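**Student:** Attaching a single structure in structure tokens format; questions to follow.
The values are calculated or read from the model by the stated rules, or taken from the named source; none is laboratory data. Note that the structure is predicted; figures quoted are calculated from it, not measured. We place every Cβ from the backbone using ideal geometry, glycine too, and count neighbours over all the protein chains shown. Ligands, DNA and RNA are stripped out before the accessible areas are found, and what is left, the full protein with its side chains, is counted by its heavy atoms. Shrake-Rupley method; radii C 1.70, N 1.55, O 1.52, S 1.80 Å.
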Amino acid sequence: TQKACRSSALANELQSVGVQALIRSDLDVKVNPTALILNGVDLIKPMKASQLAAAIHIAQIGYSLDLAVERIFSTEFAAGLVNGKTTAAQQHPLTSVMSYLGHADAIAIEQRAAVLLKNNGVLPLQHSSGRLAVISDATLSNTCANIANALGRTLQTPSTCSTNKKVPLPNTTLFSNLPVEGGGAQRTTTFTAHVHGPYVVTLTTLGNTRLTMDGGTIINSQGLAEFNVQRTALVGLSAGSTHTFTVTWKGAPPKVVITQEQAAIDAAVRSTAGANVAIVVAYDLSREGMDRSSLDLPGAQNAIISAVAARVPTIVLLVTDGAVSMPWLGQVAGVMEMWNPTGSVQLDRINAHYVQAWRNLLVGAVNPSGRLPVTFPVSFAQSPASDAAFWPGVHTNVDLDQAPFRGVGIGMSWFRQAGWPVLFPFGFGLSYTQYQLTGGSVFNSGGNVQVSVGVRDTGGVSGIEPVQIYASWPSSLGEPRQLLVGFGAVAFSKADAQNRTVRHLSITLSPDALSVFTGTAMHVVHGTYCLAASTYEGDPRGLTSGPITLSPGAGTSSVVIAGSQSLTSGICAG
């Protein structure tokens, strides 16, 4: 990014296609500010005027500063941000072609990125699927309405939207107006439940805060956020029961409120009356600048999903930024991860642009082909997020070298070392069809290792199948087994699928992909390796090369395999 920041080609290219807006650096970019200003960057975060003092004698700097100021003010005026006006922002003057292409690309990316995690035959939706009930939190009210309307029009079937609005309680605030406490403080209060059922406790905090109920911790925020964040806990209380809440904090004062959620759950269940399929849109609000304190969906979303799934076949659309726990997984008929593009409360407005992609995926106009880029744990307790010891360091800087299970293992390797089960492994994803790896080979190709894999669509439906290549290094190197070193994808037309055509995919593994750090540099080490081709990490239906010998080539940028090797059924041992 440093080279990109100080390259005039970036600014020139943006201007050439009609972008008339300011260009700014990311926070704390380590580049000479003079070089940035001279090459078209308008706003540097952060920067002091004194940093440019030594460059004032450069003739071009004055002109570049004038342009920067002009672009900053022009953009602010165009967006209605001057004189306190922050509404009715005008669209940046991109060309109509750029706007069209940007929208088309966003839809295509959303469709390719979505991951189908479970499907008991409920997807894709069809006209014969019957009446649909789309359900969401009130935070996603527009998203709920838009997807219900889109599905109803496409499938020519009744489709309704129901949002779960919170019902206010008397005396819902447990703690507020607390003082700033640099050395730490504690307060205790009691709360009596007026009705039986689930309650959501919401903590808003910036500092280090721990909240207990009847002596047990229900929320623990480590205080690494750069802004106020909300943490929630779902608890079940009996009518007339009294509970003791204690909040302990250091730094900024927290606020704690409690809401009763049974009414929202009942409303969600009522909305399924007469429906044949329910679609629950669930979300989280994690984003840059904050840590997650739990893998649970915020609020009462887990309880709502369980209650709805008990009444009608249910599909869960997850709009999350990563893994979440799924206590309801065995109850629901389908789960699709759509990802959270923003993590903020503006999610509802942004999702409106993706309704077309969601509709295409749900009705089968597009076959899901996304794969998980992270491992989904079974639970928070069986994940590295469960213990602060996994994230040692100072303030917001983490030193993973000091974490448990020391070594180079990350992701799935970390879970294997800990002996933790996983909900969905790295690379996992389903489709509306089935695929079979039919065989292949591993051979030398111009200083690289080439892997050729045959793939057949056995389900008769067109789609795209990603193939992943995993490597296991010689045991003496201490590298984790089964690390992703390459991948590719095969596209099948409807005719290919119906004819059960085998298509061949060639994936190149460069020396960089097979190199390890041995104390001085990254390089390929001579020894016995194993390569596996699969559709996800640890796929038992995958193919393996068995033991093969790799060596560094004559040059520093080549790798040699001892002859060619066929891929056969199996996985790398170890």
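**Student:** So what J values fall out for the range 414-421 if you push phi through Karplus, 6.51 cos²θ - 1.76 cosθ + 1.60 with θ = phi - 60°, rounded to Hz, Gly and Pro as x?
**Tutor:** 5, 5, 5, 4, 7, x, 8, x
**Student:** Residue by residue, what Karplus-based ³J(HN,Hα) values in Hz, rounded to whole numbers, does the range 254-262 have, using 6.51, -1.76 and 1.60 with θ = phi - 60° and x for Gly and Pro?
**Tutor:** My calculation for the range 254-262 gives x, 10, 10, 10, 10, 10, 8, 10, 4 Hz in order.
**Student:** Another question about this same structure. Among G409, A113, G527, flag the residue with its Cα farthest along the positive direction of the charge dipole of the chain, charges on Cβ as +1 for Lys/Arg and -1 for Asp/Glu.
**Tutor:** A113
**Student:** Still on this structure, I have one more. Would you be so kind as to identify which of F77, V195, L437 lies farthest towards the positive end of the dipole of the chain, taking Lys and Arg as +1 and Asp and Glu as -1 on Cβ and the Cα centre as origin?
**Tutor:** The Cα lying farthest towards the positive end belongs to V195.
**Student:** Would you please put 64-72, 250-258, 461-469 in order of how densely packed they are, using the mean number of other Cβ atoms within 10 angstrom per residue and starting with the highest?
**Tutor:** Working: 64-72: 15.4, 250-258: 19.6, 461-469: 21.1.
Going from most to least packed, we get 461-469, 250-258, 64-72.
**Student:** With contacts defined as alpha carbon pairs under 8 Å and 6 or more residues apart, what's the relative contact order of the chain in percent?
**Tutor:** Relative contact order, the chain: 11 percent.
**Student:** Where only protein heavy atoms count, and the probe is 1.4 Å, what is the accessible area per residue for the range 466-553 in Å²?
**Tutor:** 45 Å²
**Student:** Using 10 Å bins from zero, what percent of all Cα-Cα pairs in the chain falls into each bin?
**Tutor:** Reading the bins upward from 0: 3, 13, 20, 23, 23, 13, 4, 0.
**Student:** Gap in Å between the Cα centre of the range 271-332 and the Cα centre of the range 474-542?
**Tutor:** Spelled out, the Cα-based centre of one part sits 34 Å from the other.
**Student:** Which FRET efficiency value, to the nearest 0.05, is calculated for T154 and Q346 with the Förster distance at 30 angstrom and r the Cβ-Cβ distance?
**Tutor:** On the way: r = 26 Å, r/R0 = 0.88.
FRET efficiency, T154 to Q346: 0.70.
**Student:** OK, next. What residues have an amide H closer than 5 Å to that of F428, excluding those fewer than 5 places away on the same chain, when H is modeled at 1.01 Å from N in the peptide plane?
**Tutor:** L372, E537
**Student:** Among 154-163, 561-570, how do they line up by average Cβ neighbours within 10 Å per residue, starting with the highest?
**Tutor:** 154-163, 561-570
**Student:** Might you report the magnitude of the Cβ-based charge dipole of the range 432-574 about its Cα centre, with Lys and Arg at +1 and Asp and Glu at -1, to the nearest 20 debye? Intermediate values should be presented prior to the final figure.
**Tutor:** On the way: 6 positive and 7 negative charges, 57 e Å.
The calculation lands at about 280 debye.
**Student:** What dipole magnitude, in Debye to the nearest 20, does the chain give about its Cα centre under +1 on Lys/Arg Cβ and -1 on Asp/Glu Cβ?
**Tutor:** With Lys and Arg at +1 and Asp and Glu at -1, about 720 debye.
**Student:** Let me ask you something else. Hey, which aspartates and glutamates would be in cross-link range of K48, C-alpha to C-alpha under 18 Å, not counting anything within fewer than 8 residues on its own chain?
**Tutor:** Correct list for K48: D26, D28, D66.
**Student:** From the phi angles alone, apply the Karplus equation (6.51, -1.76, 1.60; θ = phi - 60°) to the range 311-320 and give each ³J(HN,Hα) in whole Hz, x where the residue is Gly or Pro.
**Tutor:** Result, ordered by residue: 9, 8, x, 10, 10, 10, 9, 8, 9, 10 Hz.
**Student:** When Lys and Arg each count +1 and Asp and Glu each count -1, what net charge do the other residues less than 13 Å away from M326, Cβ to Cβ, add up to?
**Tutor:** So the surrounding residues net to -2.
**Student:** Near the amide H of I219, under 5 Å away, which other amide H atoms are found, from residues 5 or more places off or on another chain, if H is placed in the peptide plane?
**Tutor:** Amide H to amide H, under 5 Å and 5 or more residues apart or across chains, I219 pairs with L211.
**Student:** Continuing with this model, one more query. Name the chymotrypsin sites (Phe, Trp or Tyr not before Pro) in the range 215-305 that are in a loop by DSSP and that have at most 10 other C-beta atoms within 10 Å, would you?
**Tutor:** Loop-located and lightly packed - F227.
**Student:** Excluding residues on the same chain fewer than 8 positions from K250, give the aspartates and glutamates whose Cα lies under 19 Å from its Cα.
**Tutor:** Reachable aspartates and glutamates: E181, E226, D291.
**Student:** So which aspartates and glutamates pass the test for K494, namely a Cα distance under 13 Å, with those fewer than 8 places away in the same chain ruled out?
**Tutor:** Correct list for K494: D457.
**Student:** Just to confirm a number: summing +1 for Lys and Arg and -1 for Asp and Glu over residues other than T501 whose beta-carbon lies under 15 angstrom from that of T501, what do you get?
**Tutor:** That works out to +1.
**Student:** In Å², and per residue, what accessible area does the range 298-378 have when probed at 1.4 Å with the other protein chains present?
**Tutor:** Value returned for the range 298-378: 30 Å² of accessible area per residue.
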